[in-house]
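Beneath this line is the structure, given in structure tokens, with notes to follow.
Every read-out reported here was derived from the displayed coordinates using simple, explicitly stated rules and does not represent laboratory data. From a predicted model like this one, the values you see are computed outputs, not experimental measurements. Every residue, glycine as well, gets a Cβ built from its backbone with ideal geometry; the counts of neighbours run over all protein chains shown.
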Amino acid sequence: MNPELSITDLIGSSTVELHYKRPHIDSMTKISRSQDVSELLRQHINLNQIDYKEFFWVILLSNSNHVLGLSQISVGSTNATFVNLKEVYQLALLSSAVGVIISHNHPSGTLKPSDSDIKLTKKIKKGLDILDLKLLDHLILTSEDYYSFSDEGML
């Protein structure tokens, strides 16, 4: 074997290397209840668009329920948004999250989860369970209020 050849030269692909540095613990928001999630989202999302179109967010949590990150992963129409499940799992794994909270809004103002909301929640939970991660909640937001799957015993 030629010592000047790298592993990339030998297998013909790029090397992948991951880096992650969490924020300082004192600066991290702690989630203790669904209201904390609603307040966090309302601080970071565009409230001028919550009644306009659907958005989907992922909140990544440490073992002590400190927020590692928040990501908007989807923007849809007035009544639907597409969620790439791989992106949810990828964010959780890359941030070394232990818990995940998902959320989306209902521009209609209706807090009742749709059949597709319930199916999506079950599907995400199943995938996270396989990865030994926990889905802690799914919040549906409106400009006036929120619905928590966890508070309603839906998880």
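May I ask you to list the lysines whose Cα is less than 27 Å away from that of Lys134, ignoring any residue fewer than eight positions away on the same chain?
Lys21, Lys30, Lys86, Lys112, Lys119, Lys122, Lys123, Lys125, Lys126
With a ≥ b ≥ c the root eigenvalues of the C-alpha gyration tensor of the chain, is it rounded (a/c under 1.5), prolate (a/b larger than b/c) or oblate? Display every interim value, and only then the final one.
Working: a/c = 2.18, a/b = 1.84, b/c = 1.19.
Prolate shape, in that a/c is at least 1.5 and a/b is the bigger ratio.
Run the simple label-point estimate for Leu94 and Asp145 please: 7 Å along Cα→C-beta, distance reported in nm.
3.7
Test of understanding: given the chain, find the longest segment containing no GluC sites (Glu not before Pro) that are in a DSSP loop and have at most 13 other Cβ atoms within 10 Å. Let's see the in-between values first.
Values: sites that count: Glu4, Glu17, Glu144, Glu152.
Within the chain, the longest run free of exposed GluC sites (Glu not before Pro) spans 18-143.
Run the quick spin-label model on Asp36 and Lys126: label points 7 Å from Cα toward the beta carbon, then report their separation in nm to one decimal.
Roughly 3.0 nm, to one decimal.
For Leu128, Leu85, which order do you get if you count the other beta carbons within 10 Å of each Cβ and list the fewest first?
Details: Leu128 21, Leu85 14.
Neighbour counts put them in this order, fewest first: Leu85, Leu128.
State the extension gain, in nm to one decimal, for the chain segment bounded by Gln43 and Lys86, taking 0.36 nm per residue of separation less the distance between their alpha-carbons. Before the final figure, lay out the partial values.
Values: separation 43, 0.36 × 43 = 15.48 nm, distance 2.62 nm.
Full extension of this stretch gives 12.9 nm more.
Residue-wise, which Karplus ³J(HN,Hα) couplings in Hz belong to the stretch 56-65, taking 6.51 cos²θ - 1.76 cosθ + 1.60, θ = phi - 60°, and x for glycine or proline?
Running phi through 6.51 cos²θ - 1.76 cosθ + 1.60 with θ = phi - 60° gives 10, 10, 10, 10, 10, 10, 7, 4, 9, 6 Hz.
Within the chain, which is the longest segment that contains none of the trypsin sites (Lys or Arg not before Pro) sitting in a DSSP loop with at most 16 other Cβ atoms within 10 Å?
Details: sites that count: Lys21, Arg33, Lys53.
Result for the longest clean stretch: 54-155.
From the phi of every residue in the stretch 39-52, what ³J(HN,Hα) in whole Hz does the Karplus formula 6.51 cos²θ - 1.76 cosθ + 1.60 yield, where θ is phi - 60° and glycine or proline is x?
5, 4, 4, 5, 7, 10, 9, 7, 5, 6, 10, 5, 9, 9
Among Ser32, Thr142, Leu155, whose Cα lies farthest out toward the positive end of the dipole of the chain, if unit charges sit on the beta carbon of Lys, Arg (+1) and Asp, Glu (-1)?
Comparing the listed Cα positions along the dipole, Leu155 ranks first.
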